[in-house]
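Written below as structure tokens is the structure these notes are about.
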Amino acid sequence: IEYSVATAGMLRMEIYDAAGRKIRTVIDGLHGPGNFRISWDGNNDAGSPAGSGVYFLRFSSGEASGSAKLVLLR
């Protein structure tokens with residue numbers, strides 16, 4: 001997952017399944033500006049593997065927010 005942060009501040013990234021259930025919190029905290037790349041290991045917050053399928057990444061930082069579609073193939 002590649003992303004950019006314009007200014008330092010709180011950043012939250014969460015992954016949801018197609019039914020809207022939160023699967024994993026990827027980032028939740030203070031984050032500096034710049035360009036970044038992270039990987040999701042395909043596990044949920046409990047450490048169990050998530051099933052193959054379509055997931056949605058939701059992110060918010062200050063006044064900016066958005067989403068992206070992810071496909072997990074096992």
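Pairs, please: C-beta under 9 Å, at least 6 apart or cross-chain, first residue of a type in the set (Val, Ile, Thr) and in region 53-66, second in a strand (DSSP E or B)? Every condition considered, the pairs that remain are Val54/Asp17; Val54/Lys69; Val54/Leu70; Val54/Val71; Val54/Leu72.
Against the test of being modelled with pLDDT under 95 and surrounded by 14 or more Cβ atoms within 10 Å (Cβ to Cβ), the options Ile15, Ile1, Ile23 yield a single qualifying residue, Ile1. Contact annotation: residue pairs with Cβ atoms under 6 Å, 6 or more positions apart or on different chains, pairing a residue in region 8-26 that is in a strand (DSSP E or B) with a partner that is basic (Lys, Arg) and buried (at least 18 other Cβ atoms within 10 Å of the Cβ), are Ile15/Arg24. If you go through region 30-57 and keep only what is part of a strand (DSSP E or B), under 12 Å from Ile15 (Cβ atoms) and of a type outside the set (Val, Ile, Thr), you end up with Asn43, Gly53, Tyr55, Phe56, Leu57.
Given Ser67, Ser60, which one is among the small types (Gly, Ala, Ser), within 17 Å of Ala19 (Cα to Cα) and either in a strand (DSSP E or B) or open to solvent by 90 Å² or more (accessible area, probe 1.4 Å) (or both)?
It is Ser67.
The values are calculated or read from the model by the stated rules, or taken from the named source; none is laboratory data. If you're wondering where the values come from, they're calculated on a predicted model, not measured in any experiment. As a convention, Cβ positions derive from the backbone with ideal geometry for all residues, glycine included, and neighbour counts pool all protein chains shown. SASA here: full protein model, heavy atoms, side chains in, ligands and nucleic acids out. Shrake-Rupley method; radii C 1.70, N 1.55, O 1.52, S 1.80 Å.
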